[in-house]
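Everything below concerns the one structure shown next.
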Amino acid sequence: MMSYVFALMIAVGIAYGAINGNIAAVMDALTEGACQAVTLCISLAGAYMLWLGLMNTAKRAGLIDGLARRMAKPLGFLFPDAGEALAPITLNLAANFFGAGSAATPFGIEAMRELSKSARYKATASDAMCMFLALNASSVEILPAGVIALRSAFGSSDVYSIVLPTFIASLISFVSAAVLCRLFCRIMPEKPR
């Protein structure tokens, strides 16, 4: 859907430039924007590779599995019927915690797959699935690697000034999501469709 929206925006921009006689300026802007996009992607690639590499090293060293074991009890409160899904849930939230959202995606898919296996009603999202989705969307982030990389790529004078505000805002968001999801699960219990 978004590809249609972007295509429409580009078409309208080109048409407007042609109507006003500025088609050369529009084409120059398109070319310059494409060059800037490639430059930004290359500058972001280094930061992402660093954090994904650190997450992979931590996983191989057993730090992630140790974190999963330590977090089993607190997450068990939020996901009482999670079963086998608890490990990928923990890994997903840990990856998001360290700002490696791309590394969190495979764990999130695995967590949803495991949660769907234990769901009472197969055609309806379970309470645990809704809770995981809410927590994943509002995850606590101590190191927003993507935003730090963007700020660095654009020459920010204080790249890390957003770490504390991001952590506080994401913590508030995480707690709010957990409380609201738990509340709505009580108000509207699971039903078959």
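The values are calculated or read from the model by the stated rules, or taken from the named source; none is laboratory data. Because the structure is a prediction, the values reported are computed rather than measured. Ideal geometry is used to build each Cβ from the backbone, glycine not excepted, and the neighbour counts take in all protein chains shown. What goes into the accessible areas is simple: the full protein's heavy atoms, side chains included, and nothing from ligands, DNA or RNA. Shrake-Rupley method; radii C 1.70, N 1.55, O 1.52, S 1.80 Å.
Tabulated results
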read-out	value
Nearest-10 value in Å² for the accessible area of D127, using the 1.4 Å probe	50
Difference of contour (0.36 nm per residue) and Cα-Cα distance, V163 to R113	14.8 nm
Segment 105-185 - percent relative contact order, Cα under 8 Å, separation 6 or more	34
Computed [θ] at 222 nm, helices only, for the chain once each DSSP H run of length n ≥ 4 contributes -39500 (n - 2.57)	-25500 deg cm²/dmol
Separation of the S3 and S152 label points, Cα + 7 Å toward Cβ, nm	3.2
Segment 51-138 - percent relative contact order, Cα under 8 Å, separation 6 or more	28
Where Cα atoms sit under 24 Å apart: lysine pairs in the chain separated by 8 or more or lying on different chains	4
Unit charges on C-beta of K, R, D, E only; dipole of the chain, Debye	780
Calculated over segment 27-181: convex hull of Cα atoms, volume per residue (Å³)	143
Length-normalised contact order for the chain - Cα pairs under 8 Å, 6+ apart - percent	19
Neighbourhood net charge (12 Å Cβ-Cβ; Lys/Arg +1, Asp/Glu -1) for T166	0
T57/F184 FRET efficiency (R0 35 Å; Cβ-Cβ; nearest 0.05)	0.35
Solvent-free Debye scattering, log10 I(q)/I(0), computed from the Cα coordinates of segment 21-94 at q = 0.20, 0.21 Å⁻¹	-0.86, -0.90
